[in-house]
Amino acid sequence: MNHNIFRIQALSLTLIFSLVSSAAAQTSGSFGSGQASKAFKCSAGAGTLSRDQGNAILAKVQETYSKIDSIQGRFLQESYVAALDEGEESSGEMVFAKPGKMRWSYKDPRPQEVVIRDDELWMYQPDKGQVMIDSVGKVLMSALPVSFLMGMGNLAQDFELVSACQGKSGAILSLIPVDKTGKEEALEGFVLLVDGEKNLPKGAKINSVGGNVTAIVFENQQVNGPVVNSQRFVLEYPKGVDILDRRKTPGS
């Protein structure tokens, strides 16, 4: 299997944020030293919150987020692929719009674009001159966190609170997916970072069963800001790039 495709598949077990890591690692075998992952550390001493306090925060986040049409801003990300023992830090801009749309524009360490709309995922890697198209269901082993961010999921229904604490960047809620179907879940854990003043998601940390980890923190969030039109979720790319359409089945 192509090394880059393997990395894409391994990272997709965590969350869509990790799909765009390159074949060449920026760091090796490291996670936890970056700004994104540090945001998920509980404060020492009086940082622990009760289960009731955690569930109350969770309910407020769901209520606030259900009334929002769009969010845009910057993000910092730190990801680790266990199978390759490789990690990477990246950053860029994101926008979510309900229902079911998101775009991640990676700026560092290299430009890349990821768009989700109409249950499809489009990814453009300029340095490779390649566009990958796939169905979201095929790429994401677990779409629960993504569904919430795109306004199609419910935190209280899809997850159970395990623990809660207060960190320097906000409230930290550790969640596990609720088994409704008997199907094995790819997520081992989902940690939500919450802005206590705005009751909004400020970041997410995903642990997959395979040991992959992704931490992402949002900055300068604009809620229902400048009009987010549908054109924002149309991926543009130059003529002549290689297109890998994984929606197609052999013989189609």
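The values are calculated or read from the model by the stated rules, or taken from the named source; none is laboratory data. Quick caveat, the model's predicted, so the values are computed rather than measured. Using ideal geometry, Cβ is built from the backbone for each residue, glycine included, and neighbour counts are taken over all protein chains shown.
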Quiz prompt | First in segment 39-51 and closer than 25 Å to SER79 by Cβ, second anywhere and among the basic types (Lys, Arg), Cβ under 9 Å, 6 or more apart | solution = ALA39/LYS168; ALA39/LYS202; ALA39/LYS205; PHE40/LYS205; LYS41/LYS168; SER43/LYS168
Quiz item: Of the conditions (1) closer than 14 Å to PRO201 by Cβ; (2) among the charged types (D, E, K, R); (3) modelled with pLDDT under 85, LYS60 fails just one. Which one is it?
Solution: (3)
Exercise. Can you give me the number of residues within segment 220-243 that are surrounded by 13 or more Cβ atoms within 10 Å (Cβ to Cβ), modelled with pLDDT of 90 or more and either hydrophobic (A, V, I, L, M, F, W, C) or in a strand (DSSP E or B) (or both)?
Key: 5
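Yes/no matrix, rows are residues, columns are (1) surrounded by fewer than 19 Cβ atoms within 10 Å (Cβ to Cβ); (2) β-branched (Val, Ile, Thr); (3) modelled with pLDDT of 90 or more:
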| residue | (1), (2), (3) |
| --- | --- |
| ARG74 | yes, no, yes |
| ARG110 | yes, no, no |
| GLY137 | yes, no, no |
| ALA171 | no, no, yes |
Quiz item: Can you tell me which residues in segment 87-101 are among the hydrophobic types (A, V, I, L, M, F, W, C) and crowded, with 21+ Cβ neighbours inside 10 Å?
Solution: MET94, PHE96, ALA97
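Yes/no per residue for (1) over 21 Å from LYS67 (Cβ atoms); (2) at pLDDT 90 or above; (3) of a type in the set (A, V, I, L, M, F, W, C):
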{"site": "SER147", "(1), (2), (3)": "no, no, no"}
{"site": "ASN154", "(1), (2), (3)": "no, no, no"}
{"site": "LEU161", "(1), (2), (3)": "yes, yes, yes"}
{"site": "ALA164", "(1), (2), (3)": "yes, yes, yes"}
{"site": "PRO177", "(1), (2), (3)": "yes, no, no"}
{"site": "VAL194", "(1), (2), (3)": "no, yes, yes"}
{"site": "ASN199", "(1), (2), (3)": "no, yes, no"}
{"site": "ASN207", "(1), (2), (3)": "yes, no, no"}
{"site": "ALA215", "(1), (2), (3)": "yes, no, yes"}
Quiz item: Hey, does segment 34-46 have a residue that's in a strand (DSSP E or B) and either at pLDDT 90 or above or under 16 Å from the mean Cα position of the chain (by Cα) (or both)?
Solution: yes
Exercise. Could you please let me know if SER70 is surrounded by fewer than 17 Cβ atoms within 10 Å (Cβ to Cβ) and farther than 17 Å from ALA215 by Cα?
Key: no
